[in-house]
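The values are calculated or read from the model by the stated rules, or taken from the named source; none is laboratory data. Just so we're clear, the structure is a prediction, and the values are computed from it rather than from any experiment. Ideal geometry is used to build each Cβ from the backbone, glycine not excepted, and the neighbour counts take in all protein chains shown.
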Amino acid sequence: MIYQGTLSKMQTEFGNPIQYYLVFENSFLNINQLLGKDIEIEFQGYQCLNCGKAKKIFRQGFCYDCFMSSPAVGDWIMKPELSTAHLDIEDRDLAYEKRVQLQPHVVYLALSSEVKVGVTRKTQVPTRWIDQGAVQAIPIVEVPNRYLAGITEVALKNHFADKTNWQKMLKNEVPNMDLISERNKVLDWLPNEVKDYFPKEEKIIQLDFPVLQYPKKVTSLNLDKTPNFTGKLSGIKGQYLLFEDGTVFNVRTYEGYVVKMSL
């Protein structure tokens, strides 16, 4: 069978294990069903996820012009502490920024390669943790806007990592940590503005990924350098496809790339 279309990040469904879907314009594919089977991926071109034009992708599925102008990729996305919608100050599009920034956000600890701190909109729980390849996660605080979540994350970066080591995550080299005891340490480190939002107890969320075999070494598939690749799928974790030969393919990196997949 052949599936063809523009890549966007895999859609997920929380379950035991997590279910993964590639969604194209006219079809979708449940990736879990392909475990243990050969897949051919062929790069065919570009299509910007914002303007839809066949222009080279710059970052995050956007062509250069859209990346420099769209409110969906403003600096406050990667650095929530730069959010200003709560002050009525526009970055690129105040109406868009109010819609996204002025809603409940969760600051959390996740265990993917080590314990890391992160921020996500409440509506993105547990999707955000799945996308990071976290095997466990626990909320720290839920706050009413992105700015408060951002300053909380900045304060906790002094004590926890804020990035995932993707190679360790994919090899499942995860330390044995107690997230509840790690969370119990943070109250004194929180900014005063958010201390009232700290609940005494939270439950750990466990995440189970569909992986038959974890790689010992990993090599990233680069579609620009290797426009045609065939391999046997051995797992899915985070936004990565894992292949039997140790090749890993980060679907999110190649958002906006038009591909043909032959099964």
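Miscellaneous remarks
- Meets criteria (in a strand (DSSP E or B), of a type in the set (A, V, I, L, M) and at negative phi) for residue 100: no
- Condition check for residue 99 on (1) assigned by TED's automatic domain parsing to the domain that holds residue 169; (2) surrounded by 14 or more Cβ atoms within 10 Å (Cβ to Cβ): one failure, at (2).
Results for (1) aromatic (Phe, Trp, Tyr); (2) outside any helix (DSSP H, G or I), shown as yes or no for each residue.
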{"position": "50", "(1), (2)": "no, yes"}
{"position": "53", "(1), (2)": "no, yes"}
{"position": "58", "(1), (2)": "yes, yes"}
{"position": "65", "(1), (2)": "no, no"}
{"position": "68", "(1), (2)": "no, no"}
{"position": "81", "(1), (2)": "no, no"}
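- Scanning segment 131-140 for residues that are surrounded by 23 or more Cβ atoms within 10 Å (Cβ to Cβ) and either assigned to a strand (DSSP E or B) or in contact with an Asp or Glu (Cβ under 9 Å, 6 or more places away or on another chain) (or both) gives 137, 140.
- Residues satisfying the stated conditions in segment 1-43, i.e. in a loop (DSSP other than H, G, I, E, B), under 20 Å from residue 243 (Cβ atoms) and at pLDDT 95 or above: 7, 9, 10, 17, 18, 35, 36, 37
- Counted residues, segment 141-186 - those being more than 25 Å from residue 240 (Cβ to Cβ), in contact with a helix residue (DSSP H, G or I) (Cβ under 9 Å, 6 or more places away or on another chain) and either among the charged types (D, E, K, R) or not in a helix (DSSP H, G or I) (or both): 9
- For segment 120-130, filtering for residues that are touching a His at 6+ places or on another chain (Cβ under 9 Å), outside any helix (DSSP H, G or I) and surrounded by fewer than 22 Cβ atoms within 10 Å (Cβ to Cβ) leaves 1.
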